[in-house]
Amino acid sequence: MSHFGRFHRIALRAIIAGVCLLGVWNSWKLARADYLSQRDTVEALRSAILLAPDDSEYYMRLAQLDEGHARELLATSLRLDRYNAQADIELGLLEEADGNFGPAEKLLLNAFDVDRTYMSRWSLANFYLRRDNIPAFWLWARKATEMPASDDIGALFELCWRVSPDPKQIERNILNDNPDVVRQYLAFLLEKNQLHESAGVSSRLMRDGAPETDRPLLLSVVNRLVAVNDTGR
């Protein structure tokens, strides 16, 4: 074998070894950063960021613990991951708190653009209520009920009740044919002791819901109506 061939093989082995060592080093850094982040302290998270400066989640968590630097940390998280809707929301809330309503609205709308989940819709409904923009509030409250309502959305109904303690208006503005939403609204009406209005909502649940699942709730409505001698007429 020529000297050139021998040198080529040695160089190739050195390169492979270097790549392997670099991979081991990077794996160790990521594992160490993950370990530090789980300690969940300001100092540990800062150390984690030094080891893994491209992990947007570390900046997000550090922003919650280090409020004095929250704005820049959230901005960095958002720069690293433009689909980070939670960073948009939290940064938007900071802008709103500082009276920067235009930038706040833009950030909250961007959160919806990149992640059309319940949280982004709920955040916009709250924002417009605080801005006393009631038409926009109803729009986003309605959009919030368009999401699968597997989670408790009672807080959304409470928000609507603050705007208008009129069950008919709430029903007209945000209720749809999703049985999860209807049954949660019916439970809300019972909690508010709106027994007469609960009769009408019950008919929607009987039409769109699941008879076996909804029987206890519907019987509760009937029993309470009978107790106050109200047949829902």
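The values are calculated or read from the model by the stated rules, or taken from the named source; none is laboratory data. All figures in this text were calculated on a predicted structure; none of them were measured in a lab. All Cβ positions, even for glycine, are placed from backbone atoms using ideal geometry, and neighbour counts span all protein chains on display. Side chains included, ligands, DNA and RNA excluded: accessible areas come from the protein's heavy atoms. Shrake-Rupley method; radii C 1.70, N 1.55, O 1.52, S 1.80 Å.
One table, with the values for the structure above:
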{"read-out": "Within the accessible area of the stretch 156-233 (1.4 Å probe), percent carbon and sulfur", "value": "50 percent"}
{"read-out": "Extension gain (nm, one decimal) between residue 27 and residue 229, 0.36 nm per residue minus Cα-Cα", "value": "65.7 nm"}
{"read-out": "Residue-normalised accessible area of the stretch 94-233, given per residue in Å² at a 1.4 Å probe", "value": "53 Å²"}
{"read-out": "Quarter of Cα convex hull surface for the chain, i.e. mean projection, nm²", "value": "20.9 nm²"}
{"read-out": "Label point distance in nm, residue 116-residue 162, each placed 7 Å from Cα along Cα→Cβ", "value": "2.7 nm"}
{"read-out": "Charge dipole of the chain about the Cα centre (unit charges at C-beta), most positive-ward option of 97, 36, 69", "value": "36"}
{"read-out": "The stretch 101-186: mean projected area of Cα convex hull, nm²", "value": "5.2 nm²"}
{"read-out": "Where chymotrypsin sites (Phe, Trp or Tyr not before Pro) fall in DSSP loop in the stretch 54-109, at most 15 other Cβ within 10 Å", "value": "83"}
{"read-out": "Value of relative contact order over the chain, rounded to a whole percent, pairs C-alpha under 8 Å and six or more apart", "value": "8 percent"}
{"read-out": "Virtual spin-label span in nm between residue 54 and residue 210, 7 Å along Cα→Cβ", "value": "4.4 nm"}
{"read-out": "Assigned charges on the beta-carbon of Lys, Arg, Asp, Glu; the stretch 121-233 dipole about Cα centre (debye)", "value": "300 debye"}
{"read-out": "Sequence ranges 198-208, 127-137, ranked by mean other-Cβ count within 10 angstrom, highest first", "value": "198-208, 127-137"}
{"read-out": "In range of the label at residue 34: residues from the stretch 62-89 whose backbone nitrogen is under 12 Å from the point 7 Å along Cα→Cβ", "value": "none"}
{"read-out": "Dipole magnitude (debye, nearest 20) for the chain, charges at Cβ of Lys, Arg, Asp, Glu", "value": "720 debye"}
{"read-out": "Ordering of 38-46, 68-76 by packing [mean C-beta count within 10 Å, highest first]", "value": "68-76, 38-46"}
{"read-out": "Computed P(r) (all Cα pairs; the stretch 154-203; 5 Å bins; percent)", "value": "5, 22, 40, 27, 6, 0"}
{"read-out": "Full-extension gain in nm, residue 220 to residue 131, via 0.36 nm per residue minus C-alpha separation", "value": "28.2 nm"}
